[in-house]
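Rule-based calculations on the coordinates, nothing more; no lab input. What you see is a predicted model, and the numbers here were worked out from it, not measured in a lab. All Cβ positions, even for glycine, are placed from backbone atoms using ideal geometry, and neighbour counts span all protein chains on display.
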Amino acid sequence: MKELFHWVPWFQELARNVGEGQLRTLVARAKKVDWAGGRCAVLDQGEENADPLTFFYHLASVAGGKVEKRRTIYASVAEVFGIESEFDYSLDDCFIFPIPPGLQVLFNNSGADPKLLWKMFDQARALDGTSAAPLSADTFANMLQIRGVGIPKLTQVLFLINPRAFLPFDTHAVLPLEIGQFKKPPATMSWAEYVDEMDRIQAAFPGCQPYEINAIGYMWTSAQLPRGGNRWYQIRAGDDDWRDFRDNYWIYHGGQREGHRAGKGDARSGLKSQQDLGLNGPEPGDVVLARSRAREGRGIGIVYRNDYSVQSHRNGRIHVLWVNKEQAPLSANMPSVHFSRVGRAAFDTFAKSAAYEETLRMLPQPMPDKTNNIPRGIRRYAEDHLGRSMLAAMADAIEFAHSLNDECWVTRFDSRRRDLRLYVGSTLMLVLEATRRRVEITLDPGDLEEIQRDRMRSAKILHEYARPAGVRRYLLHSDQFVEQWESMRPAHRETMKQAAMKSPRAPFHSTDAIDFLNRTLGAKLPEPGYVDNDIEVTERDVSGVTAAGFGSLIQSLRKEGLLFAQEQVANYILALQTKRFAILTGISGTGKTKIAMAVAGHYEPALKRPVARIPDDAVRREVKPSYIKHSTLVLPVAISDHLRIETGGEPRSGPQIRVRYPNGRIRLRTYMAHGRHPMLLFKGDFKKWFQSTFEVGDLFWIRVHPSETDGPGELEIGLPETEVVEQRLNSHVVIPVRPDWVDNRGLLGYLNPLTNEYSTTPFLNLLLRARAEEKRAEDAGENPHPFFVILDEMNLARVEHYFSDFLSALESGEDIPLHENGAIESGEAESGPQVPRKLKVPGNVLFTGTVNVDETTYMFSPKVLDRAFTIEFDQVDLEGFTRGEASEEASGLDLDGLEDSLDLLRSGSSGRDWKPSREDWVKFSDDTEGHQEALLQLHGVLEGQHRHFGYRVANEIARFVNLAREQAADPDAGADAAFDLALLQKVLPKFHGTQQELESLLEQIFWFAVHGGDHGSKGKQSVKVDDWKVVAGRLIATSASQAPSGDADPDTEKAKADEAAASVADANAPAYPRTGAKVLRMIQRLRDRGFTSFIE
């Protein structure tokens, strides 16, 4: 990016060399320059009249010619005049300065005094912008008296001679921006007026040089960079980073530290972390707000080029043109993340600072930020070129529908799946799916050309029936979209025409959808005509639709009568996304099992699936590998009895039976193996039909038609009719744990040695369904649906006995062995289910265990607690229970940014890691430095008594907090609450023991919870239990000597103040009130009983 301005030192060095040698040197060296067969304009009026202004203006005009000629002349000038500055003469981007026409380069063709021209040159070259001796006003005025020299020509050549002191006043750069007094070059102006106008323009570009201002002005005026409809971003830059960004005209995540980090080990890790941040999103013209801390600005830049969007290398950069380089305080906090998209709030924060006010005044203000109204899956379409082209297809369809009838169309977000939909009339014409990169296009296949239909069949593009009759809905994945859309577009438009004529418009238009498309694409899409007619337009059909994401989950819980606090629900959801294993503990009857079942039910999708319909009197069968491989079919007992085939005895040939099948009739032999069901032996046309019709896993049915005589009857084999119906995915199972479980057979089943069949369990069946769903989603390029296992009363048996295989598999990713029977694995066994020999726990399976503690249960070992998130459910809101609504709760953790799908870890090593990793820790360290420092200090306290935690817990805390930051409506508040909860649920559960073992350590942890990292000397004080209390699960001080700020709660003497005390001001609140509250209860139990533990 610096190469844009390499011409500046090159021209300044040339001006210095010309000025030092004056006329004689200029003439002598100009003769030596290779002018590539052209004239040497500076010598046109004779050697004695040669002047430097003509020389520079002529040299600038050469830049507009052919590349080879330009390269030859500039290289020759550099050699002849001894210029050492770097300059790439072949790049057009390196010549962002005024390029005059070749016929207008002369300054002395009308008898102008050469001495005046040299005087102008010397004074201009000497001006540095800070000199007390200004350029002579008379010289400037006299220059304008020369025929053919006006304000544009004079200021352009002055800019070429000294680009750090002058601005060109022409129609190609800064004046059209309308920043100063003049919108176009005046006929004449004085030196003082010129200087005043430059000052007004430069005031809008604090810290920027004139050549930088000219460059961005030229880019905007020539429309090489858009000046409107842009997106806004922010980036954090420390001192070293900012110097690097400012001097090199680029930005990248983490500055030099990130580059250093990515340089170690796998270079792709640095690239991945950068692209995960959305660095591939900014496009030319977008605005970047640079800042150092939350309330300190660094500058403002305009994106010129983005390496991340066009290439993949670890040294990628976003190249920017800085329009403001002023460091100044801000009036409000900026986002604490390194890099992010921002909206109107960030604009207002910068605009309120006098250092940035003038700069932002010349930029179009960002439109009101409605990003949170747009489903996350749809927002991701805007992050790369392919996604934007899919959005452009939606915009194109909207414009066409509007041209047909401005009241016939509607855009809206689907209430459940959150897809972006376009209806024309009552026909669903176009869908952008939120959960996957896929477009649904409705059209009549009869409108497609035959070659296009053949191409779509060969590409195996899926389609399903749609309404009205005759049309189809085609499903294009992102890789198919580019190839197929243009050829499908005419047919799609024909279908829109028919829909617009036949049907009235559908209701419930979303203006947010149009706003999002306009902001993302820089488009000017219209709203439907009825919007302007004061017809009520709503975001969604309020008659039967709930809110999206987290709000929808809370609503569904409320409908079930489950009045859990939002923070409890958010905590549970984050724990499942982080670790996949959560333990819910607390007093009996608080709804632990109910919340687990309700969450599982909420995430059970309703899917359209083909269902096989068979006759009522038929038996359903599934094709097994042995049917294809050995050309045999095992007949069920019910069928063999109807056919009067005797079973038992020695192996022997059975009778022939008549078989009816779709292609005809045939007589087939049967065979009775020792101790097995009779088998039907294939032959002839039936064998060919069966092997060509079926694959392993396909369904068919068999039944017996009784004989009209006394014979055995006729066997019929048929194909089921397939019907597409909407069914809820059976994706959760509740497993009541039995006290007699001493191994994993209660969960995973076992191989029965007597029947040689595998005895399955509901738990194993769910794992197999989850594995199939994970494979389906991977093949389709989609996110898999989650599956939930709820282990009710988990500690009725020893968890280490029946669940240890899973604890190990969740950490190692290794397979769990099930059996060693090859026939059962391949499905070639004559009976029984097909079960793999070993099974990897799918990454879309989430485990929840509910726990009660009494004399009939077992306590968890540290190994189990270390591998789970342990969440307490011990708050009982009887007042809210009486009213039938949840009580208003203190501010805490919510996940209003969570969409309808969970962020699932994967069981394989492809894609993201299948468990929290060092990448989570690095992101946590970068985004929440204060929390990382506090965690390190806590680790030091625990390490002193050999109670510290390991890398696994650190990574899990990091991922928990990172997810909260991503999914909370307020990222900073969400991260603060999540860090407190993570300490509570990942650090404290392992503490159990006697007063002698734990009292000193718990007191230190308590003071850490109160004062954060500042626990030094205070940690040595004894804890005065009477000076603290727990209200609504939060710790508050009842003594001024104990409160972090030194102030006591003024209402603590009143018995009725408990609820108000829970919302005490932030200044008086402990650093980690949830952790502190639990530690206080543990200390109280320790002193009362001499023993304490986390699980009560």
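If the label point is 7 Å along Cα→Cβ of Ser90, which residues in the stretch 36-72 have backbone nitrogen under 18 Å from it? Only 63-72 pass the distance filter.
Stretching Asp454 away from Glu48 to a fully extended chain increases their span by 138.3 nm, per 0.36 nm per residue minus the current alpha-carbon distance. Simple spin-label estimate for Arg436 and Ala28 gives 7.8 nm between the two label positions (7 Å along the Cα-to-Cβ direction from each Cα). Qualifying chymotrypsin sites (Phe, Trp or Tyr not before Pro) in the stretch 38-96, where qualification requires a DSSP coil assignment and no more than 11 other C-beta atoms within 10 Å, are lacking entirely.
Which pairs break 29 Å Cα to Cα here: Lys915/Lys1029; Lys32/Lys115; Lys579/Lys923?
Values: Lys915/Lys1029 37 Å; Lys32/Lys115 24 Å; Lys579/Lys923 17 Å.
Violating the 29 Å Cα-Cα cut-off are Lys915/Lys1029.
Note on His801 and Arg837: their simple-model spin labels are 3.0 nm apart, each label 7 Å out from Cα toward Cβ.
Look at Trp7, Trp921, Trp741 and count the other Cβ atoms within 10 Å of each Cβ; fewest to most, that gives Trp741, Trp921, Trp7. Counted over all Cα-Cα pairs of the stretch 611-723, pairs farther apart than 22 Å make up 29 percent.
Expressed in nm², what is the orientationally averaged projection area of the convex hull enclosing the Cα positions of the stretch 2-202?
Numbers: hull surface 42.8 nm².
Over every viewing direction, the Cα hull of the stretch 2-202 projects on average to 10.7 nm².
If the chain linking Gln555 and Lys66 were pulled fully straight, counting 0.36 nm for each residue of separation and taking away their Cα-Cα distance, it would gain 169.2 nm. Projected label points at Asn518 and Asp685, each 7 Å from Cα along the beta carbon direction, are separated by 6.8 nanometres.
Would you mind checking Lys183/Lys352; Lys687/Lys775; Lys559/Lys592; Lys2/Lys325 for any pair whose Cα atoms are more than 20 angstrom apart? Don't skip to the answer; put the middle values down first.
Details: Lys183/Lys352 27 Å; Lys687/Lys775 31 Å; Lys559/Lys592 17 Å; Lys2/Lys325 16 Å.
As for pairs spanning more than 20 Å Cα to Cα, those are Lys183/Lys352; Lys687/Lys775.
Applying 1/(1 + (r/R0)^6) with r as the Cβ-Cβ distance of Arg947 and Ser292 and R0 = 35 angstrom yields a FRET efficiency of 0.40. The string of couplings for the stretch 558-570 from the Karplus curve (6.51, -1.76, 1.60, θ = phi - 60°) is 4, 5, 7, x, 9, 9, 6, 5, 4, 5, 4, 5, 4 Hz, one whole number per residue in order, with x for Gly and Pro.
Taking 0.36 nm per residue of sequence separation and subtracting the Cα-Cα distance, how much length would be gained by fully extending the chain between Ser707 and Arg620, in nm to one decimal? Intermediate results must be reported in sequence, preceding the final value.
On the way: separation 87, 0.36 × 87 = 31.32 nm, distance 2.18 nm.
Contour length minus the Cα-Cα distance gives 29.1 nm.
Please tell me which of these pairs span more than 29 angstrom C-alpha to C-alpha: Lys624/Lys838; Lys629/Lys838; Lys66/Lys524; Lys66/Lys153?
Long pairs (Cα-Cα over 29 Å): Lys66/Lys524.
Counting other Cβ atoms within 10 Å as a rough exposure proxy, the listed residues Cys408, Cys94, Cys40, Cys208 run Cys40, Cys94, Cys208, Cys408 from fewest neighbours to most. Shown is the FRET efficiency for Ser76 and Ile99, computed with R0 = 30 Å from the Cβ-Cβ distance and rounded to the nearest 0.05: 0.95. Here Leu607 and Glu407 are evaluated by their C-beta separation; at R0 = 35 Å the FRET efficiency comes out at 0.55.
Averaging the Cα positions of each part gives two centres, and for the stretch 923-967 and the stretch 584-623 these lie 37 Å apart.
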